[in-house]
Amino acid sequence: MAIFIDTVYQRVLALANKEQRGYITPQEFNLLAGKAQLDIFNQYFHDYKTALLSPAGAAKISDDIAILEQKIDLHRIKAVAVTNNILSSDVYHLESLYYTHSTLGVIVIKEVNIRDFHQITSNAKLSPTISRPVFHRGDSSTRTIITSALIVNAEIKHDYIKKPAKPVWGYAVVGEKALYSSNTSTDFELHPAEESNLTNKILELAGIIINKPGLSEVILRNQAVKEAKENR
């Protein structure tokens, strides 16, 4: 599932014009769209942690967590092979690293920091085993992994939460006017329920970019009313 980027852009333009705040160019929109999407995506994990720690009613917390899990699940990728000890380029959060042993089955490789890795691998009593391997992230890149030497000729796979692709409203100029082009566009990679939130956040940011703070104030006020209704 995705959110159609042209729908969001046209809505942003319509609302910005309604408030008489000026035109938002495709270049400005793409810049704001990327930040808005990432802000919403990052907020999932903060809200999830807050929900788990919240002392509020169990039923509401359960509902909040279920909704957040649905939104995060759209970004969950499973069983991708690790090539040359380098994790996938779109990894946002690594959930599990593992390989399949011929007799022991699936073996999870535990992540440790580099200091613990050296202590573990150099200590006879703590030394990793085939059923208890470890790895750490490489110094030069958090995508590079270094595993204990016991893992030989094994296909290592990883499950992870991917970072959303950068949204792009692609266009072609016809008669000095920018017209939407699906061939060069990338839709938002967020849950469909976020469409309204995306629009509001882009407009809020646009009020700053085009030096029209009144637009941000309108959007913030509308968002506050929406949240108050939802929390009743």
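The values are calculated or read from the model by the stated rules, or taken from the named source; none is laboratory data. Note that the structure is a prediction, hence the values are computed from the model and not measured. When we count neighbours, we look across all protein chains shown, and the Cβ atoms used for this are built from the backbone with ideal geometry, even at glycine.
Brief remarks follow.
- Some residue of the stretch 88-110 being surrounded by fewer than 14 Cβ atoms within 10 Å (Cβ to Cβ) and in a helix (DSSP H, G or I): no
- Among the residues of the stretch 152-168, the ones that are more than 13 Å from Ser88 (Cβ to Cβ) and not in a loop (DSSP other than H, G, I, E, B) come to 1 in all.
- Test: residue in the stretch 200-211 that is more than 28 Å from Arg76 (Cβ to Cβ), assigned to a helix (DSSP H, G or I), modelled with pLDDT of 90 or more and basic (Lys, Arg): no
- Qualifying residue in the stretch 187-194 (condition: surrounded by fewer than 17 Cβ atoms within 10 Å (Cβ to Cβ) and not assigned by TED's automatic domain parsing to the domain that holds Phe135): yes
- Of the criteria (1) surrounded by fewer than 19 Cβ atoms within 10 Å (Cβ to Cβ); (2) within 29 Å of the chain's Cα centre (by Cα); (3) at pLDDT below 95, which one Val168 fails: (3)
- The set of residues in the stretch 1-39 that are at pLDDT below 90 and over 20 Å from Leu179 (Cβ atoms) comprises Met1, Ala2, Leu15, Lys18, Glu19, Gln20, Arg21, Gly22.
- Condition met for Ser127 (out of contact with any strand residue (DSSP E or B) (no Cβ under 9 Å at 6 or more places or on another chain) and either assigned to a strand (DSSP E or B) or not hydrophobic (A, V, I, L, M, F, W, C) (or both)): yes
- Filtered by the rule that a residue be free of Cβ contacts under 8 Å to residues at least 12 places away in the same chain, within 19 Å of His136 (Cβ to Cβ) and either of a type in the set (Ser, Thr, Tyr) or in contact with a His (Cβ under 8 Å, 6 or more places away or on another chain) (or both), the stretch 66-110 gives a lone residue, Thr83.
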